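Notes to accompany the following structure.
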Amino acid sequence: MAMSNFLVKKGFWYLKGIFILSVLVLIYFSGNAYAYKKIQVLPYFKNKTMKVVIQISQDNPARWSLALGNAAKVVQIMSAHGINYKIDVVAYGPGLKVFIKKDDKKFYPLLQSLSTYGVNLVACHMTMLAMHINEKKLFPFVNVVYPGAVAYIIEKEMQGYAYVKP
């Protein structure tokens, strides 16, 4: 009789454990259902212009790729939905190398394409002076901001641009 009580108690705990595990699995998957809910931001921009200023300030090609990829995605998505956009990609400090002909050939096609789609590629004049770089060393589609990039970024933010620093 003692043995049957043991089995009954063990079976109870076993079933209770399965029940608790089942509840936890249901909670987990129902939570993920909310995590994958689509959030639509595009309707907000239907009669507006999406304005973005993207900063590149590090000598890090992975960061350059991320920043330029962000710009390309905005162009792609906004163009596909007929939404106007203004994008400025601003490089200063060590990040300026992304716009220098001899330092970067890998990103040239993407930079040229972004320029073709109206993305304003902007180099910092103060950084150019510090690095002894003249405009001839930059890709031809890059603009130079005077006196410098930080003031330019601040101005853009004051004009309602979203600031992105990947």
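The values are calculated or read from the model by the stated rules, or taken from the named source; none is laboratory data. Source: prediction; values computed, not measured. Here the Cβ positions follow ideal geometry from the backbone for every residue, glycine too, while neighbour counts run over all protein chains shown.
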Requested in this report: Return yes or no: is K106 at pLDDT 85 or above, buried (at least 18 other Cβ atoms within 10 Å of the Cβ) and among the basic types (K, R)?
Outcome: no
**Report entry** Residues located in segment 45-60, provided they are under 22 Å from V98 (Cα atoms), part of a strand (DSSP E or B) and of a type in the set (S, T, N, Q)
**Finding:** Q55
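Give segment 67-79 a look and list any residue that's closer than 21 Å to I153 by Cα and surrounded by 15 or more Cβ atoms within 10 Å (Cβ to Cβ), or say none.
Pass one, segment 67-79, residues closer than 21 Å to I153 by Cα: 67-75.
Of everything in segment 67-79, those that are closer than 21 Å to I153 by Cα and surrounded by 15 or more Cβ atoms within 10 Å (Cβ to Cβ) turn out to be A67, L68, N70, A71, A72, V74, V75.
Can we say N47 is more than 19 Å from the chain's Cα centre (by Cα) and at pLDDT below 95? Even if it seems obvious, please write down each step before you answer.
Details: more than 19 Å from the chain's Cα centre (by Cα): yes; at pLDDT below 95: yes.
Judged against the criteria, N47 is a match.
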Query - Failed item, numbered, when I133 is tested on (1) assigned to a loop (DSSP other than H, G, I, E, B); (2) aliphatic (A, V, I, L, M); (3) within 16 Å of the chain's Cα centre (by Cα) - result: (3)
Query - Among (1) among the aliphatic types (A, V, I, L, M); (2) modelled with pLDDT of 95 or more; (3) in contact with a Ser or Thr (Cβ under 9 Å, 6 or more places away or on another chain), the one test that L129 misses - result: (3)
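Could you say whether any residue in segment 80-88 is of a type in the set (A, V, I, L, M), at pLDDT 95 or above and surrounded by 16 or more Cβ atoms within 10 Å (Cβ to Cβ)?
Keep residues of segment 80-88 that are of a type in the set (A, V, I, L, M), which gives 80, 83, 87.
The next check asks that each one be at pLDDT 95 or above; those that pass are 87.
So of that shortlist, the ones also surrounded by 16 or more Cβ atoms within 10 Å (Cβ to Cβ) come out as 87.
Checking segment 80-88: at least one residue is of a type in the set (A, V, I, L, M), at pLDDT 95 or above and surrounded by 16 or more Cβ atoms within 10 Å (Cβ to Cβ).
Do we have any residue at all in segment 94-117 that's assigned to a strand (DSSP E or B) and either in contact (Cβ under 8 Å) with a residue 60 or more places away in the chain or of a type outside the set (V, I, T) (or both)? Steps first, answer last, please.
In the first step, residues of segment 94-117 are kept if they are assigned to a strand (DSSP E or B); the result is 100.
Subset that is either in contact (Cβ under 8 Å) with a residue 60 or more places away in the chain or of a type outside the set (V, I, T) (or both): none.
No, the conditions are met nowhere in segment 94-117.
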Query raised in the report: Do we have V53 as surrounded by 14 or more Cβ atoms within 10 Å (Cβ to Cβ), in contact (Cβ under 8 Å) with a residue 12 or more places away in the chain and within 23 Å of V150 (Cβ to Cβ) here?
Result: yes
